[in-house]
Amino acid sequence: MKYTALHAMHEKAGAKMVEFAGYHMPIQYHSIREEHRRVRQTVGVFDVSHMGEIEITGPAALDMVQKITINDASALDIGQVQYSAMCYEDGGIVDDLLVYRFEDKYFLVVNAANKDKDFEWMLKNKIDGCEIKDVSDSYTQIAVQGKKAEATLQKLTDVKLDEIKYYWFTEGELAGYPMIISRTGYTGEPGFELYFANDFAEDVWNKVFEAGAEFDIEPIGLGARDSLRLEKKMCLYGNDIDQTTNPIEAGLSWITKLDKGDFIGREALLKVKEEGVQRRLVAFVVEGNAFPRHGYKIFAEGQEVGFITSGTVSPILEKGIGLGYVKKGFTKSGTPLEIEIRKKMVPATVIKPPFV
């Protein structure tokens, strides 16, 4: 079991800890629903130090990133972040990730559960003229998310946070320490992700909470992180996307730049584009207070048409919401569906996301 540099802070706060991606992580501190609402209403803080960080350097660094990712990294300016994914040759998804462009390197942030697999995949496909280094253990990463995130963090830095645009970052001092300050997040709320040395972790954590006290800032666990991302239809690897799904059917055509030149999986994705997909990932709302869960079957017109990949009861809408793959012909907004929940058919409707 691995521990983040903030592990003692979670235990001190009374968090319920679970094993996640090999780390001992907080799933919740009190109520997942209340933690969820705290982020939507004011501001909350997540320890996401379990995420993986991989650096690619050298004269061929851009060529390497272009080869392994489906978005066009050549479009990035220094200080810009890009949402992207890596695919296998057959178009299945290796992982989704963030690509940061620095002056002298590319900094890839990958999912915790996939870090080792992703790193091995990159090394397997490495080209001459670049170096690939797993630097995950060097960083503590926290996400400060919510409408009051900027007001909280601005107290701790001279960096003008309002000048950092969405999906851009800067390097500066915050809480007295050097760090990467990135306007990104996995909640759909305004906020920042901060990357800094492990030695500073507890002091930074404490200073952020002191700065946010007037906004009732709270630590937030992985449980609320999942429900927050789902309300905004942000994909979760292992649920909504994986090796058996491709970016086009997953609704990620907007990051799939088939005209950028060759990359791993391009030929397979071109074929998918030309032939059309047989299913798509859709968002749906269920009637009543039923709880849609991963793996439940989806029906329409008396036939099984798909399955749920992610589901919860939205703390904001107070009704069941979910994502799932359904056959073409049943993917348009307004299409009636039925979810099989405990041997009962519960009505549901496809909607245009996000939910909130």
Do any residues in the range 30-57 that are over 12 Å from residue 225 (Cα atoms) have Cβ atoms under 6 Å from those of residues that are surrounded by fewer than 20 Cβ atoms within 10 Å (Cβ to Cβ) and modelled with pLDDT under 95, where the two are at least six apart or on different chains, and which pairs are they?
-> 50/21
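Report whether or not residue 223 is under 30 Å from residue 251 (Cα atoms) and crowded, with 23+ Cβ neighbours inside 10 Å.
Numbers: under 30 Å from residue 251 (Cα atoms): yes; crowded, with 23+ Cβ neighbours inside 10 Å: no.
The answer is no for residue 223.
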Within the range 302-311, count every residue that is modelled with pLDDT of 95 or more and surrounded by fewer than 20 Cβ atoms within 10 Å (Cβ to Cβ).
-> 3
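Just give me the residues in the range 58-77 being in contact with a strand residue (DSSP E or B) (Cβ under 6 Å, 6 or more places away or on another chain) and without any contact (Cβ under 8 Å) to a residue 40 or more places away in the chain, in sequence order.
The initial filter retains those residues of the range 58-77 that are in contact with a strand residue (DSSP E or B) (Cβ under 6 Å, 6 or more places away or on another chain), namely 58, 61, 64-65, 68-71, 73, 76.
Of everything in the range 58-77, those that are in contact with a strand residue (DSSP E or B) (Cβ under 6 Å, 6 or more places away or on another chain) and without any contact (Cβ under 8 Å) to a residue 40 or more places away in the chain turn out to be 73, 76.
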For residue 14: the one exception among (1) among the small types (Gly, Ala, Ser); (2) farther than 23 Å from residue 192 by Cα; (3) in contact (Cβ under 8 Å) with a residue 40 or more places away in the chain | (3)
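Filtering the range 92-106 down to residues that are free of Cβ contacts under 8 Å to residues at least 60 places away in the same chain and outside any loop (DSSP other than H, G, I, E, B), which residue is nearest to residue 25 (Cα to Cα)? Can you show your working first?
We begin by selecting, within the range 92-106, every residue free of Cβ contacts under 8 Å to residues at least 60 places away in the same chain; these are 97, 99, 101-106.
Add one more test, that the residue is outside any loop (DSSP other than H, G, I, E, B), and what stays is 97, 99, 101, 106.
Numbers: 97: 21, 99: 25, 101: 29, 106: 28 Å.
Among those that are free of Cβ contacts under 8 Å to residues at least 60 places away in the same chain and outside any loop (DSSP other than H, G, I, E, B), it is 97.
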Answer residue from the range 330-356, given it is without any contact (Cβ under 8 Å) to a residue 24 or more places away in the chain and not polar (S, T, N, Q) and is surrounded by the most Cβ atoms within 10 Å (Cβ to Cβ) among those | 332
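Quick grid of which residues meet (1) modelled with pLDDT under 95; (2) in a strand (DSSP E or B); (3) not acidic (Asp, Glu); (4) not assigned by TED's automatic domain parsing to the domain that holds residue 31:
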{"position": "172", "(1), (2), (3), (4)": "no, yes, yes, no"}
{"position": "181", "(1), (2), (3), (4)": "no, yes, yes, no"}
{"position": "184", "(1), (2), (3), (4)": "no, no, yes, no"}
{"position": "189", "(1), (2), (3), (4)": "no, no, no, no"}
{"position": "193", "(1), (2), (3), (4)": "no, yes, no, no"}
{"position": "196", "(1), (2), (3), (4)": "no, yes, yes, no"}
{"position": "199", "(1), (2), (3), (4)": "no, no, no, no"}
{"position": "208", "(1), (2), (3), (4)": "no, no, yes, no"}
Considering each residue of the range 218-275, count those that are within 18 Å of residue 89 (Cβ to Cβ) and in a helix (DSSP H, G or I), and give that number.
-> 10
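Quick one: in the range 1-16, which of the residues that are surrounded by 17 or more Cβ atoms within 10 Å (Cβ to Cβ) and in contact with a Gly (Cβ under 9 Å, 6 or more places away or on another chain) is nearest to residue 46 (Cα to Cα)?
In the first step, residues of the range 1-16 are kept if they are surrounded by 17 or more Cβ atoms within 10 Å (Cβ to Cβ); the result is 4-7, 9-10, 15.
Remaining after also requiring in contact with a Gly (Cβ under 9 Å, 6 or more places away or on another chain): 10, 15.
Details: 10: 10, 15: 12 Å.
Filtering the range 1-16 for residues that are surrounded by 17 or more Cβ atoms within 10 Å (Cβ to Cβ) and in contact with a Gly (Cβ under 9 Å, 6 or more places away or on another chain), the one nearest to residue 46 (Cα to Cα) comes out as 10.
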Look through the range 257-314, keep the residues that are in contact with a Lys or Arg (Cβ under 8 Å, 6 or more places away or on another chain) and β-branched (Val, Ile, Thr), and return whichever of them is farthest from residue 353 (Cα to Cα).
-> 264
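Which members of the range 327-346 meet the condition of being in a strand (DSSP E or B), under 14 Å from residue 305 (Cβ atoms) and not β-branched (Val, Ile, Thr)?
Step one: of the range 327-346, the residues in a strand (DSSP E or B) are 327, 336-341, 344-346.
This time we only want the ones that are under 14 Å from residue 305 (Cβ atoms), so: 327, 336-340, 345.
327, 336, 337, 338, 340, 345 - these are the residues of the range 327-346 that are in a strand (DSSP E or B), under 14 Å from residue 305 (Cβ atoms) and not β-branched (Val, Ile, Thr).
The values are calculated or read from the model by the stated rules, or taken from the named source; none is laboratory data. In this text, all values refer to a predicted model and were calculated from it rather than measured experimentally. A quick note on method: Cβ atoms are made from the backbone with ideal geometry, for glycine too, and the neighbour counts reach across all protein chains shown.
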